[in-house]
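Inspection log for the structure reproduced underneath, given as C-alpha cells.
The values are calculated or read from the model by the stated rules, or taken from the named source; none is laboratory data. This one's a predicted model, so the numbers in the text were calculated from it and none came from an experiment. All Cβ positions, even for glycine, are placed from backbone atoms using ideal geometry, and neighbour counts span all protein chains on display. These area figures cover heavy atoms from the full protein model, side chains too; ligands, DNA and RNA do not enter into them. Shrake-Rupley method; radii C 1.70, N 1.55, O 1.52, S 1.80 Å.
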Amino acid sequence: MQQHPQRIKIPCVSFFKRYFNTNSLIIAIFFSLPIYLSIFGENLIIKILNSIISIIAFYLFFNQKHSFFQTGFFIGIFWFYWIGLSFRYYNLSYLIPFIILFIGIGYGIIFWILNKIFSLFKFSIFHLPFSILLWGLFFIFGFDYLKPFTFDWLKPEVLISNSLFLPYKITLFLLILAIILKNKFSFILILIPLFFSKPHIDKPNLKINLITTYIPQDKKWDKNFIPQEIKNNFKHIQNSINREYDVVVLPESAFPIFLNRYPNLIKKLKELSTKITIITGALHLKNNQFYNSTYIFEDKKMIILDKHILVPFGEYIPFPFFQKEINKIFFNGASDYKTSKNFGEFKIKNYTFLNAICYEATIEKLYQKKPKYVIAMSNMAWFMPSIAPILQKLLINIYALKYKKRVYHSLNYYKSYKIPRK
C-alpha cells in the first residue's frame, strides 16, 4: 500500500488561514485608494476612478462578509499610519510600529463594538436588516461624532472629496441607499448626485501669494539653520512686494522662534507691512507659556492670534492625567502648548478672515463661523513622506464646499493651494 506523506502544519500559517479575513483587507484597500490616488492630482481620470472606487468600497462593506475588527484595523492603518512618523523627531523611532499597531487596534475595536451594538437589532424594515440600516446611518452621520482622543479625520466623505460627486451628506445618503437597496432604482440614485452643482463661493478682491517651503523637520529647529530660514522668509516677502501682491502668507512656524521676543525682526516686518500685508506662523511666548501662533503685519501694526485647537499628542497630551509624566518620559519634559479661547479672526482691508493653523483647518466648527474666508498655514514636514497633506486637503475641501468658504493654505513640505482653485 502506498503511503501518502503527512502534511506539515506550520502554526503561524494555520493561525493566519483561520483568522485572517481577506475581504476585510480588500475593503480597507478600496476605502483608502481615493486618498492615495489623489496624490496624482485632481484631473478627470482621477475623479472618475475615485467615483467608481468609492461605490465599490461601500458595496463591499455592506454586501460582503468580513471581520469588522479587521476592517477597522486596516482602515485605521492605511489612513493614519503617518501619525507615528512625527516621533522620529523626538528620538522615539522605535515607537513607530507600536503606534501604528495601536492605531489599527483602536479603530478595529471601534468597528467591532459598533457592529456588536447594531447586531442586537435582529428585525428588518422593508426586508432590509435593521443593523445594515444603522451602519448606513452611521456612515452618513455617526463619523462626525467619532473622535478618539479628539481626532476626527475618519470621514466617509473623503472617498468622494476628489471625485465626480460633491462630498455632501445627501450624496453619501443616495450612494449608500442605492447600495443597500440593490434594485432597479439603484442606478438612478447613483446618477442623481452627478447633477449637483458646486456652490458659488465669493472671492476677495485681493492678490494673495501663498508661499511654499521645503524645509525638513530635522533642519527646521536647528539653531544653525534658523538664520537661513529667516533670511529666506524676507526674500519671499520682498519677492511678493516686487510682484505687486497685496498679501503674502508664509507657512506655520515659518519663523521657528518666539518672534515676539525679537524686536529687531518685528520692526523690520512692520516696515515692510506698509507695502504688503504679511501673515506668518511663529511661536509666541506669553507669561512663560508657549503658543503656536499667527502673526499679521499690516500698516506697521502687529496682531498675534494664538492657536485654538491643538494637535493631540503632537501639541498636547489628550489625557486628564499623567500629562507631566508622559511629557517627561517621551518628550524631554516639554510642556503642552496653550490655546486661545476662540478661533482667531482678522481683517485685511474690508475682508474678514478666519485664522487656522494646521489641524484647525480640518475642524468643522471653524467653518461654521461667519467669515467667508480662511487663511490656513501648516507644517507637514513632521509626517513626510506620507498621505497626511493629501488627507488634510480632502477634508478642507469637504468643509469649504459645505460652508461656502474660500481657503488659502500655505504649507511647508507640500505645495500650497487655494480651495476652490479658481
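Annotations
- Rounded to the nearest 10 Å², the accessible area of residue 102 at probe 1.4 Å: 120
- Length-normalised contact order of region 250-301 in % [C-alpha pairs under 8 Å, at least 6 apart]: 42
- Relative to the current alpha-carbon distance between residue 62 and residue 40, full extension at 0.36 nm per residue lengthens the span by 5.1 nm.
- Ranked packing of 208-218, 266-276, most packed first, by mean Cβ within 10 Å: 208-218, 266-276
- The candidates 82, 112, arranged from most to least accessible area with a 1.4 Å probe in the full protein assembly, appear as 112, 82.
- Our estimate of slack between residue 299 and residue 270, defined as 0.36 nm per intervening residue step minus the Cα-Cα distance, is 9.7 nm.
- Residues residue 224 and residue 196, FRET efficiency given R0 of 56 Å [Cβ-Cβ distance, rounded to 0.05]: 0.60
- Against the empirical 2.2 N^0.38 Å (N residues), region 89-233 has a Cα radius of gyration ratio of 1.56.
- Reported label for calculated semi-axes √(5λ) of the Cα gyration tensor in Å given (i) 43, 28, 19; (ii) 43, 24, 19; (iii) 38, 29, 19: (i)
- Using R0 = 25 Å, the C-beta based FRET efficiency linking residue 422 and residue 152 works out to 0.30.
- For region 161-220: span of alpha carbons on each principal axis (Å, largest first): 57, 37, 15
- Both radii come from the Cα set of region 347-397: Rg as radius of gyration, Rh as Kirkwood radius; their ratio Rg/Rh reads 1.03.
- In this rough spin-label picture, where each label sits 7 Å from Cα along the Cβ direction, the residue 262-residue 119 distance is 5.8 nm.
- Put 149, 346 in order of accessible area, highest first, and with a 1.4 Å probe you get 149, 346.
- Solvent-accessible area per residue for region 190-315 (1.4 angstrom probe, square angstrom): 51
- For the chain, the mean residue ellipticity at 222 nm estimated from helices alone is -12500 deg cm²/dmol, where every DSSP H run of n ≥ 4 contributes -39500 (n - 2.57) and the total is divided by all residues, rounded to the nearest 500.
- Relative contact order for the chain: 15 percent, from Cα pairs under 8 Å spaced at least 6 residues apart, divided by residue count.
- Computed over protein heavy atoms with a 1.4 Å probe, the carbon and sulfur contribution to the accessible area of the chain reaches 61%.
- Note on residue 102 and residue 347: with the Förster distance fixed at 35 Å, the Cβ-Cβ geometry gives a FRET efficiency of about 0.20.
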